[in-house]
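Read through the structure below, which is laid out as structure tokens, and then see the notes.
The values are calculated or read from the model by the stated rules, or taken from the named source; none is laboratory data. This structure is a prediction, so every number in the text was calculated from the model and none was measured. We place every Cβ from the backbone using ideal geometry, glycine too, and count neighbours over all the protein chains shown.
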Amino acid sequence: MTAEQALNWRRYTDGESKWDDLQDDIFKAGWSHKCPTYVHRAPPCQGSCPSGHDIRGWLAIARGMDKPTVEGMEWQEYAFERMVEANPFPSVMGRVCPAPCEDGCNRNEVDDQVGINGVEQHVGDWAIAHKIALPKPEKETGKKIAVIGGGPGGLSCAWQMRRKGHSVTVFEKQEKLGGMMAYGIPGYRVPRDILDAEMQRILDTGVVAKTGVTIGKDITIEQLENDFDAIFWAVGAQKGRGLFLDSWEGTENCITGVAFLEAFNQGRLHYTTQKVVVVGGGDTSIDVASVARRLGHISTMAEKDRPEAVVLGHTAHDVASAAQREGVQSVLTSLFPLEGMTASERERNDATREGVEIKGGVMPVDIIKDANGRATALRMCECTMNGMTPVPVEGTEFDIECDLIVSAIGQMGDLANGLESLDNGRGFMDITPVYQVKGKEKHFAGGDVVRPHLLTTAIGHGSIAAESIDHMLAGHPDERRPKVDVHHFNLLNELHQRGKDPEPYNKEYVRGTDREKFAVHNFEDRSSSQIIPHEDLFLGHFTYDGVQKRDEKHISADEVLGNFEERLVGFTAEQAQHEGERCMSCGMCFECDNCVIFCPQDAVFRVKKDMTTVGRYVDTDYKKCIGCHICRDVCPTGYIQMGLGE
């Protein structure tokens, strides 16, 4: 949609009006049972967020609509409190999440999406700079939870379990926590001081971490079952997939992207070969190709110092040799054309700018080897895609010379050595709708070991599993989850935190609630089952205001060698607040007064100031309302729906 089209938006087109004469209908009508009902529905940004962030909620805080409950509290701290209800890593996720929330944002129908990730990063960085802690539990339950895996899913579950008062121990086989955040993503995308700070906050709540411990080897499943009330498996998918070529097996200079990045992030890999080919198309393949460009190569390399030897753990590079590094020819290939790659456009552009050559719409067909069995080239051909299946184009074969081939085409779990009873036969775990491991009462699972996806997906799994575990321990286990399974705004909680709870119900029979104080009148919460579409919004209310982009430190191909500085520059407070103001507050009143101004009967009115909260800014006098539905038509957020009411 062009800017001109967006600014000429109309709810009704010619010939589609409901009445020939709206004025006659208003003044001839006496009354109608169909009056405004304030219906809370989930916004699409939140419905698109795998961690279930209350995005609309903390954007309302950024814009100043939702004020802190504590006198003198900065808006960033209040927004941080709202963020960590779903995601304890706002600073990390604000940097690396590909932001499906922004793709789903209804603001795209007007101009551009809201810069959600930029606001998240700003608040996360502010919280670290101001040493804002996570709240500790008010009381202890005495229940003990084991979390296997200290990555985003495991630490998310640990935080959610700890805030409920359970004792939590995290077991991690690596020497440091972080999982793929630490061992799969390079430091120029996730600065390690930022990651360490967000992980330490979780530990400071009382979570115990035991690193260097491999479950199945050092501790058996039976021991866990005896010592803990519940177990959450978040072991990830740490095993990379090789290319589906017969010539792949046994070729020593063919490695996986997961292993390559792990060796780099552990500080063992300091340089690579001169010609590197990466097969993939997702973010992992971009990271491998970009890291290779930054590492460079050395002209004289001992056999033990070849990258594959380091990646496989046989040796480690000497840091002093880094001074001898030279540039690397890094080629990335993808089955899909560039615009169809799963890697984000920003990451693709950065890689290209930094000297990575990207070839889209091609597939590997064979590995060319020398007399010693080492790969010297990767034979490719052009291809088209039949769904997810590549179809080779005959007569288009070509070779890419290389010294190292890296496969970044996917990952799988490693459930050998004592964990075979949890394996579904494909290297993953099968779970029920409440994230319980099938056939295992005390066992729950989430993250990549269930389904390899985004870091924020693992965070969401950990949060959902924590709630399921908590309910099981309380004696009322869940059998199903809500259709829209996110962290919803709760009007009763909002009223409670501001001391505006409804009065207790003490009457035998009441018809109608509009004059009563024991009920929240004409409000309905459908957020657990409905996501509000842009068709239900009055888009004509919004003026064109393009999204702000975070600044970036662009690195040229000539400057990339040895450059591991962070590329993103975070929002200022003013920029973050401006993006909050751009939020259309889909499915929730944002106090525009349109319904009050345009109601011809003065039936819609503002709630008294001492009872105003988010979600309770306006009300309707049903004795005056005639059901003309003008208020619904002019509601920018789609919060007003017409329904029966008394």
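Tell me which of these LEU243 doesn't satisfy, since it passes every other one: (1) touching a strand residue (DSSP E or B) at 6+ places or on another chain (Cβ under 8 Å); (2) over 18 Å from VAL331 (Cα atoms); (3) part of a loop (DSSP other than H, G, I, E, B); (4) among the aliphatic types (A, V, I, L, M).
If we test LEU243 against (1) touching a strand residue (DSSP E or B) at 6+ places or on another chain (Cβ under 8 Å); (2) over 18 Å from VAL331 (Cα atoms); (3) part of a loop (DSSP other than H, G, I, E, B); (4) among the aliphatic types (A, V, I, L, M), just (2) comes out false.
Tell me, yes or no, whether the range 539-557 has at least one residue that is closer than 30 Å to GLU326 by Cβ and buried (at least 17 other Cβ atoms within 10 Å of the Cβ).
yes
On the given criteria, is THR284 in contact with a helix residue (DSSP H, G or I) (Cβ under 9 Å, 6 or more places away or on another chain), in a loop (DSSP other than H, G, I, E, B) and not charged (D, E, K, R)?
no
Out of the residues in the range 592-646 that are under 35 Å from the mean Cα position of the chain (by Cα) and of a type in the set (Phe, Trp, Tyr), state the one that is surrounded by the most Cβ atoms within 10 Å (Cβ to Cβ).
TYR639
Given the residues ASP283, ASP227, ASP287, which is the only one that is closer than 30 Å to GLN200 by Cα and not assigned by TED's automatic domain parsing to the domain that holds ALA377?
ASP227
For residues in the range 417-431 being in contact (Cβ under 8 Å) with a residue 40 or more places away in the chain and touching an Asp or Glu at 6+ places or on another chain (Cβ under 8 Å), which is surrounded by the fewest Cβ atoms within 10 Å (Cβ to Cβ)?
GLY427
For the range 64-105, how many residues are in a loop (DSSP other than H, G, I, E, B) and either surrounded by fewer than 19 Cβ atoms within 10 Å (Cβ to Cβ) or not charged (D, E, K, R) (or both)?
Result for the range 64-105: 20.
Looking at GLU382 and the list (1) of a type outside the set (Lys, Arg); (2) in contact (Cβ under 8 Å) with a residue 60 or more places away in the chain; (3) outside any helix (DSSP H, G or I); (4) out of contact with any Cys (no Cβ under 9 Å at 6 or more places or on another chain), which single condition is not satisfied?
(2)
Using the structure shown, decide if ARG511 is modelled with pLDDT under 90 and either more than 27 Å from ALA146 (Cα to Cα) or part of a loop (DSSP other than H, G, I, E, B) (or both).
Yes: the conditions hold for ARG511.
Hey, among the residues in the range 461-499 that are out of contact with any strand residue (DSSP E or B) (no Cβ under 6 Å at 6 or more places or on another chain) and of a type in the set (Lys, Arg), which one's farthest from GLY47 (Cα to Cα)?
By that ranking, first place goes to ARG480.
Collect the residues in the range 432-473 that are surrounded by fewer than 21 Cβ atoms within 10 Å (Cβ to Cβ) and β-branched (Val, Ile, Thr), keeping them in residue-number order.
THR432, VAL434 - these are the residues of the range 432-473 that are surrounded by fewer than 21 Cβ atoms within 10 Å (Cβ to Cβ) and β-branched (Val, Ile, Thr).
Restricting to the range 216-240, name every residue that is farther than 18 Å from MET180 by Cα, aliphatic (A, V, I, L, M) and touching a strand residue (DSSP E or B) at 6+ places or on another chain (Cβ under 6 Å).
LEU224, ALA230, ILE231
Does GLN160 count as polar (S, T, N, Q), within 19 Å of the chain's Cα centre (by Cα) and assigned by TED's automatic domain parsing to the domain that holds GLY540?
Against the criterion (polar (S, T, N, Q), within 19 Å of the chain's Cα centre (by Cα) and assigned by TED's automatic domain parsing to the domain that holds GLY540), GLN160 does not qualify.
Would you list the helices (runs of 4 or more DSSP H) that sit entirely within the range 536-646 and hold 3 or more residues that are free of Cβ contacts under 8 Å to residues at least 12 places away in the same chain and touching a helix residue (DSSP H, G or I) at 6+ places or on another chain (Cβ under 8 Å)?
Helices (runs of 4 or more DSSP H) meeting the threshold: none at all.
Show the residue pairs meeting these rules: Cβ distance below 6 Å; 6+ apart or different chains; first residue within the range 259-272 and within 12 Å of ASP318 (Cβ to Cβ); second residue assigned to a loop (DSSP other than H, G, I, E, B) and small (Gly, Ala, Ser).
ARG268/ALA316; TYR271/GLY296
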